[in-house]
Amino acid sequence: MYTTLITEVENNICIITINRPDKLNALNKDVFDELDQAIDEVYSDTGIRSVIITGSGTKAFVAGADISEFVDMPIEKAPDLARKGQIVFDKIENCPKPVIAAVNGFALGGGCELALACHFIYASENAKFGQPEVNLGLIPGYGGTQRLTQVIGRNRAMELLMSGNMITAKEAMEYGMVNKVVPQEELLSAAKAILGVIQTKAPVAVSKIIECVNNFDHTQQGYDFEIKKFGECFRTSDMKEGTFAFLEKRKPQFKGQ
């Protein structure tokens with residue numbers, strides 16, 4: 001179905017693999033178009049409860065954008081390129097189903113931005129992260145300046161963005177960018193395991209958590225948004241089932257309603 005992606009569904013988990021290993025899974029127009037389509041399917045397919053995004057091979061998650069596409073691009077088209085990437089990555093960030101980045105190697109430039117757009121990141125021990133766009137006389141265009149700052153803080157983001165330096169998976173975990181680091185052969189199993197846990201929870205509540213965290217706001221507006229979503233959960237059958245199951249000392253049977 002796809003030429004740049006491999007997709008499979010296992011135990012309600014959709015595994016999306018960027019499949020351009022000869023190009024270190026670099027992002028080009030075809031990848032963006034197909035990733036956009038694949039995420040649309042995640043939204044619409046009720047048989048999919050969660051998502052893992054990873055890269056083909058053992059060297060790279062996504063080593064960046066396909067720079068060869070930049071060479072003959074008219075200057076006036078550059079904002080359109082960035083806008084397309086942001087639209088796809090925003091769709092991933094706001095997906096109502098959990099999306100994990102399983103980073104199995106280099107996550108550089110657009111690859112780092114893709115990982116940051118996911119709800120959280122698991123990484124293999126050989127993974128490396130960076131935003132080296134400054135080396136090309138560019139800046140990140142797919143949301144990297146914003147998400148990186150949100151995740152690791154202003155000062156560390158400034159250093160990584162301005163130096164173009166890479167950091168290891170261990171350093172990325174110390175920075176708060178990565179949740180867990182495992183040997184490469186255990187990466188997908190670890191991601192599947194945590195999603196298996198999450199999939200036992202009420203789907204509507206999980207989606208409201210994603211909404212609230214993505215709308216994090218230090219002002220009263222953020223707390224008001226949480227109040228609204230809390231009230232929406234109270235209207236669900238899953239909330240009633242979860243409450244009764246707790247009182248009856250049994251496991252809840254959530255239906256996403």
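Among the residues of region 82-133, write down those that are in contact (Cβ under 8 Å) with a residue 60 or more places away in the chain, more than 22 Å from residue 28 (Cβ to Cβ), open to solvent by less than 10 Å² (accessible area, probe 1.4 Å) and not in a loop (DSSP other than H, G, I, E, B).
Those that are in contact (Cβ under 8 Å) with a residue 60 or more places away in the chain, more than 22 Å from residue 28 (Cβ to Cβ), open to solvent by less than 10 Å² (accessible area, probe 1.4 Å) and not in a loop (DSSP other than H, G, I, E, B): 100, 123, 124.
Just to be sure I understand, how many residues within region 182-197 are open to solvent by less than 40 Å² (accessible area, probe 1.4 Å) and either small (Gly, Ala, Ser) or over 15 Å from residue 121 (Cα atoms) (or both)?
Final tally of qualifying residues: 3.
Within region 134-150, can you find the residues that are assigned to a helix (DSSP H, G or I) and farther than 15 Å from residue 113 by Cα?
Result: 135, 136.
Got a sec? Which helices (runs of 4 or more DSSP H) wholly within region 151-257 have at least 1 residues that are under 20 Å from the mean Cα position of the chain (by Cα) and within 26 Å of residue 62 (Cβ to Cβ)?
Filter on region 151-257 gives 154-163, 169-174, 187-198, 203-214.
Out of all the residues in region 150-163, which are crowded, with 16+ Cβ neighbours inside 10 Å and either under 19 Å from residue 64 (Cα atoms) or of a type in the set (S, T, N, Q) (or both)?
157, 160, 161
Specify the residue that is nearest to residue 199 (Cα to Cα); the eligible residues are those in region 241-257 that are open to solvent by 50 Å² or more (accessible area, probe 1.4 Å) and among the hydrophobic types (A, V, I, L, M, F, W, C).
254
Does region 57-74 include one or more residues that are within 13 Å of the chain's Cα centre (by Cα) and either surrounded by fewer than 20 Cβ atoms within 10 Å (Cβ to Cβ) or under 20 Å from residue 107 (Cα atoms) (or both)?
yes
Kindly provide the set of residues from region 134-144 that are free of Cβ contacts under 8 Å to residues at least 40 places away in the same chain and open to solvent by less than 40 Å² (accessible area, probe 1.4 Å), ordered by number.
Those that are free of Cβ contacts under 8 Å to residues at least 40 places away in the same chain and open to solvent by less than 40 Å² (accessible area, probe 1.4 Å): 140, 144.
Looking only at region 1-45, count how many residues are in contact (Cβ under 8 Å) with a residue 60 or more places away in the chain and open to solvent by 30 Å² or more (accessible area, probe 1.4 Å).
Residues in region 1-45 being in contact (Cβ under 8 Å) with a residue 60 or more places away in the chain and open to solvent by 30 Å² or more (accessible area, probe 1.4 Å): 4 in total.
Spot the failing condition for residue 190; the list is (1) more than 15 Å from residue 98 (Cβ to Cβ); (2) touching a residue at least 60 places away in the same chain (Cβ under 8 Å); (3) small (Gly, Ala, Ser), and only one is missed.
Failing condition for residue 190: (1).
The values are calculated or read from the model by the stated rules, or taken from the named source; none is laboratory data. Quick caveat: nothing in here was measured; it's all calculated off a predicted structure. Positions of Cβ are backbone-derived with ideal geometry, glycine not excepted, and every protein chain shown enters the neighbour counts. Quick note on the areas: whole protein, heavy atoms, side chains included, nothing else; ligands and nucleic acids left out. Shrake-Rupley method; radii C 1.70, N 1.55, O 1.52, S 1.80 Å.
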